[in-house]
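Let me begin by presenting the structure, written as structure tokens, before commenting on it.
The values are calculated or read from the model by the stated rules, or taken from the named source; none is laboratory data. Remember, predicted model here, so these are calculated numbers, not experimental data. Glycine gets a Cβ as well: all are built from the backbone with ideal geometry, and neighbour counts include every protein chain shown.
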Amino acid sequence: MLSPGVQLGNRYRLDERIASGGMGDVWRGTDQVLGRTVAVKSLLPALLDEPGFAERFRGEARTMATINHPGVVDVYDFGNDQHIAFLVMEYVEGDPLSATLSRVGRLTPARTMALVAQAADALHAAHLKGIVHRDVKPGNLLVRPNGTLVLTDFGIARSELVGQLTAAGSVLGTASYISPEQATGQVATPASDVYALGVVAYQCLAGRRPFEGDNPLDIAMRHVRETPRPLPSDIPPQVCALVERAMAKDPKDRWPTSAALAGAARQLKTSLSRQARSGGAAPISAAPASPAPGRAQVPQPPRPPAAPHSPAAGHAMPHAPAAGHRPMAAHSPARPPVAQPPRPTTVAPAVTGYPRGAATVPSGYAPQPSQLRPAPRRSRTGMVLLAILLGALVVLCSGVVSYKFRNSTNAGMPAGTFVGSAVTSDALRPDGRDDSVGTAYRRLDQPRSGGDETTTSEGRRTR
């Protein structure tokens, strides 16, 4: 009996049992040579008594080790110690899909299609190597915290699968996902894995398995004879069609390859995610709501609360403008604010869940002066510099105008005469006056007593 602390192959120490199944137990262990955490799958001793089982399983382990795909668990080693056959694999941090379904019940169509696409890609990588999983079920689908999926336990359930269906509880999970051809004793093919993955998708969407029964044999026979109950009415028709084709009784009516199933599921996932972002579908969540068919809830625009009557306003003013409303800039005190015409009220599209985007603006709503944003103040330094610049410009313009005026006036005067100048010519005019035309004064010679000197009205002395 295995217990924590036991070493297998003188290398792998068993630390904790993390899962149990009809074929054996899975342990979290430590590779003491490389110092890394691994998953160790120990097979039941009874399986080793079957002739050729150990050799066949060893060959499949070697083939699995050649699969290089992110969705397929890596196989590190295979051994036999203390009459126990074990398989050493990559340890995946995450929860099995079965634990998630037990916790939330069902998944959204978009999330289901994303997981189906990843699992189908992993199966296709194995099918290209000639390996049929034969035991696709939620317990063998590990989901990492980032949402990526890893498929585990390839080839474990190959030996005497149908013969063990009579043992109550031994392979109950396998019986719930077994294909009709496997249940009737035929050889499992890649189409058998497609059927099992379709059953997994059905359970994710409906929150239940398609067939239930009192014992594993009864469940297996229902896969052969009965048609599963329809999926819930809130599942899109395209998703229902994908699952129904994957679960077809005749392998020829199913998806031709796992790659074809992966492509169809990925395309549906993209379409559903786009609808959710645009508001045409409920957002993706672990446990989606199930609204009544044919009835879509239309969210009403939020109504702003009324505030006490303001003397400056003629109607009640809400405490704050609606979300997405941009207040107008404030006007100068000398100019009262001009009321803007009311914006048309927008109507949200018919969606389920929470409305997306900004809230609508009530009809007739206009912001009040107290809500208007004050105009930005101009810099005092900028005003001073502007005033200095304007003054310098005025002085410059005045000088230019004065210079032009003087030049235009002097152009029509006789030589030696300048308007605005105190210097005149000594020549007398015919009328005996010595002042030039247009002067504001005339020069008069006056005798001065006490000598022969004379003076002029300008105060200059002459002899």
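Overview of results
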{"quantity": "Restricting segment 57-86 to residues that are in contact with a strand residue (DSSP E or B) (Cβ under 8 Å, 6 or more places away or on another chain) and of a type in the set (S, T, N, Q), the residue that is surrounded by the fewest Cβ atoms within 10 Å (Cβ to Cβ)", "calculated": "GLN82"}
{"quantity": "Number of the exception - ASP135 against (1) closer than 22 Å to ALA259 by Cβ; (2) out of contact with any Asp or Glu (no Cβ under 9 Å at 6 or more places or on another chain)", "calculated": "(2)"}
{"quantity": "Hey, ALA167 touching a helix residue (DSSP H, G or I) at 6+ places or on another chain (Cβ under 7 Å), at pLDDT below 90 and either surrounded by 21 or more Cβ atoms within 10 Å (Cβ to Cβ) or of a type in the set (A, V, I, L, M, F, W, C) (or both) or not", "calculated": "no"}
{"quantity": "Flag if LEU107 is in the same structural domain as ASP121 (by TED's automatic domain parsing), at negative phi and either of a type in the set (A, V, I, L, M, F, W, C) or modelled with pLDDT of 90 or more (or both)", "calculated": "yes"}
{"quantity": "Test result for THR108, under 30 Å from ALA265 (Cβ atoms) and in contact with a Pro (Cβ under 8 Å, 6 or more places away or on another chain)", "calculated": "yes"}
{"quantity": "Lone unmet requirement of (1) touching a Leu at 6+ places or on another chain (Cβ under 8 Å); (2) surrounded by 15 or more Cβ atoms within 10 Å (Cβ to Cβ) for GLU90", "calculated": "(1)"}
{"quantity": "Those residues of segment 92-114 which are part of a helix (DSSP H, G or I) and of a type outside the set (Val, Ile, Thr), in sequence order", "calculated": "LEU97, SER98, ALA99, LEU101, SER102, ARG103, PRO109, ALA110, ARG111, MET113, ALA114"}
{"quantity": "Counted residues, segment 32-56 - those being more than 17 Å from LEU2 (Cβ to Cβ), surrounded by 11 or more Cβ atoms within 10 Å (Cβ to Cβ) and of a type outside the set (A, V, I, L, M, F, W, C)", "calculated": "4"}
